[in-house]
Amino acid sequence: MASPAGEAKLSSSSSSDGSGSLSNTAAEGTSTNGVQPLPKGAMAIPSLAYHPPPSDNQYSARPPTPPATPSQRLLDPDPSHVQFASYPQAAQEKTAPLIEEEEEFPRGWVPPPLRGWYAITLIVVLICLAVALELALHFTNKNNGWKTHGDETNVTGFMHYVYTLPPVIVAAVIVALWTWTDIEIKKMQPYVDLVRGDAPPEKSLLLDYTRTNNFVVWTAAARNRHWVVTAASVMVLVTLLFQPLASALLTVKNTWTTLPDVTLNTISTVGLNQNPEFQDLTIFLTASGYASASVSYDLVQPPFIWESYTVTPFEIPTDLATNGTVVANTTAIQSNTNCIATPVTMTQVTLSDGTIGWNNSISSNGCDLEWSVDHTAENLFGTSTVDCGDPSTPPQFQPVVFWFFTYVPSAASSATLCNASILLWDAEVTLDLASGNLTNVDVLKPFNAETSPFASLSGNLTGAPLKGRAYNGINFTLTPPNNDKFVVARMNATQLTMPAAVFQAAVQSSQGLEGSFSADLFVNWSNDVYSTYLTLIAKAVYFLPNSEPITLQVKTFTLRLWFSPTAVHILAVLFLLLALSASVIHIFHRHERQGLNLLHQPGTIASAVSIGAETGMGQLLAQQRNTEEIHQALRDRKFRIDPYSMRIIMNDEEGYEKVGSPMDKRRSVFASMQGGRRSSRRFSRAPGSPGLPKSPRTPQSASGAV
């Protein structure tokens, strides 16, 4: 079309009349504008004529301009007049400098693992997993493990896999996600080098990190100074530790656990038990026999007795556990012997039968006792109560003397004075579930008949008739009908059994009998045997059958689920290390590929053909059939990729230097992470002129341009 300011027309020396015939002035032998006439019968060739633009109402002269399109003449109503487009030229356009405009890159394809949402999600998940592991370990230790179900000890059972597989699955997912990221980084590295420009074939067309073993690929990347690939490959090797550590993360082990409190009943509580066995002294004779047997056979203490303490017996919760301990707050009676060694005064006498004997006597704290021995045996012993100046004290509450005499190697005597007593305590006791024996008694406070638990029957023990006193278990006031010969025989047997047990303890000691006399060690053996005897008496005499609720705390070994501290700490550190490394790798890789705009997903044969089929590189490689020929053909060449068309250009191809690499003007690492305007290419135009056409170029338009 013609511009308003003027027009350029295509004119001919020939004209057409209404009948369509041509008249040629040249044929008539005349010339126009100095053009020589044509031979007769020849057709005139159309020529360009310039018409200057008019002044005021005439068009101004303009230089001819190219047609708007190659087929513009077909659209002209008069084929003999070809219309050309022309544009006005303002005065300021003649001297105005060119200005640069930018055309933004098209948004290229980026693999999902290299996109921002993927990277941020993976990093956040890794940090959360590391924190979760440490918190889980903290609460595991705080809660003494976690309750388990099923047969956890069976390594082939279902519950074993329920506990061990989930961490392994999570670790496998993390490994897979990072491996995907690593593979995409390796696949994109040749394109990153191409977009930088001047890439040798070893770092671009011939580069393939995905076919190298992960254990050595990082060395090849380091030699090529591809640090992002190197770091990503090293982290792949680090992730190989995730699954072994995850499999060792959870373990089921026997754990000392406190079960919920359970309430059972007592068997008996504190109170004076004067049953028939007490009246006929059977329980005293039995206790002395046990005390004697414990010396010879090293018997353990009976249930609910520990050292000098006898505690309230109660039901044992064997239905909850068979191996563990029970802790209970109950009443304990402490039996004290208060035994002391007493010097013996020995006097040799001649007996009525003419034999030599010895009179022995002791005096201690107002307690006096005399006894005589003959020479009927080499070793003699006995026991007796002693009057300490209070005739009102019944013999069953008087102090007891254990005396011993020997003629080997020479006459020697020893005496131990014991004054039995009891103390009542509120105590915390610990009992072994397997054996039913006490393992510890921890005294809390003195027993109070009014405020202490299990004190409902304690009146006759703390008050009349006992008044807190302890039976000595050696001498008794026998009254009818409990004074028959059998009862007296039991009392005599008890009085003989007790010193016999002490004498046996001295014989079995490391010092032996002679050393026990010389070092006066009988006080030790007397204290041990008498203490055992008194605690046995306390269990039978100072407790009455009575059922009252008692709260028990059961501690036992149970299978609990634990986090391994070593595995947790190592795995948490590795998760944080991967999160930090992933952050740095993604930042630097985003910076490196900021000028790369893949128009489609590479990797397929179709993609390879699209990129290089119609290029000099494609023609160069078209006839190569093996690896050596390919390497030879590409040797000493450099390559670039056009970020707008994704065509690979060699250094000797036309347009190689014109392919402006956006990497030449790359933004900084941190600027590239801020998003915003994408990289763009620049072009020049005069001020006020229209921008570049947006319609795609066609082969026809390209061939028609002049």
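Just a few scattered comments:
- Among the listed pairs 147/539; 485/539; 142/539, those beyond 32 Å (Cα-Cα): 147/539; 142/539
- Rough spin-label spacing in nm, given labels placed 7 Å along Cα→Cβ, for residue 275 and residue 546: 1.6 nm
- Residue separation of residue 610 and residue 423 scaled by 0.36 nm, minus their Cα-Cα distance, works out to 57.1 nm of gained length.
- In terms of surrounding Cβ atoms within a 10 Å radius of their Cβ, 454, 543 rank from fewest to most as 454, 543.
- On full extension, the segment bounded by residue 315 and residue 346 gains 5.8 nm, given 0.36 nm per residue less the C-alpha separation.
- For region 187-255 versus region 269-314, the spacing of their alpha-carbon centroids is 78 Å.
- Applying the criteria of a DSSP loop state and at most 12 other Cβ atoms within 10 Å to the trypsin sites (Lys or Arg not before Pro) of region 163-224 yields no site.
- Label point of residue 128 set 7 angstrom out along Cα-Cβ; within region 176-215, amide nitrogens under 18 Å from it belong to 176-178.
- Potential extension, residue 198-residue 388 segment - 0.36 nm per residue separation minus Cα distance: 56.5 nm
- With the biggest extent put first, the Cα atoms of region 112-207 measure 65, 29, 18 Å across the principal axes.
- Amide N proximity, region 322-349 versus residue 557 label position 7 Å along Cα-to-Cβ, cut-off under 15 Å: 322-325
- For region 313-408, the Cα-based Rg and Dmax, in that order, read 22.5, 72 Å.
- Pairwise FRET efficiency - residue 570 versus residue 176, Cβ, R0 = 25 Å, nearest 0.05: 0.75
- With a cut-off of 12 Å between beta carbons, the residues surrounding residue 210 carry a summed charge of 0, where Lys and Arg count +1 and Asp and Glu -1.
- Pair residue 508, residue 241: separation of 7 Å Cα→Cβ label points (nm): 6.0 nm
- Cβ-to-Cβ counts within 10 Å put 432, 652 in ascending order as 652, 432, the fewest first.
Only the coordinates and a few stated rules stand behind these numbers; no lab work does. Since the model is a prediction, treat every value here as computed from it, not as a measurement. Here Cβ is always computed from backbone atoms with ideal geometry, including for glycine, and neighbour counts include all displayed protein chains.
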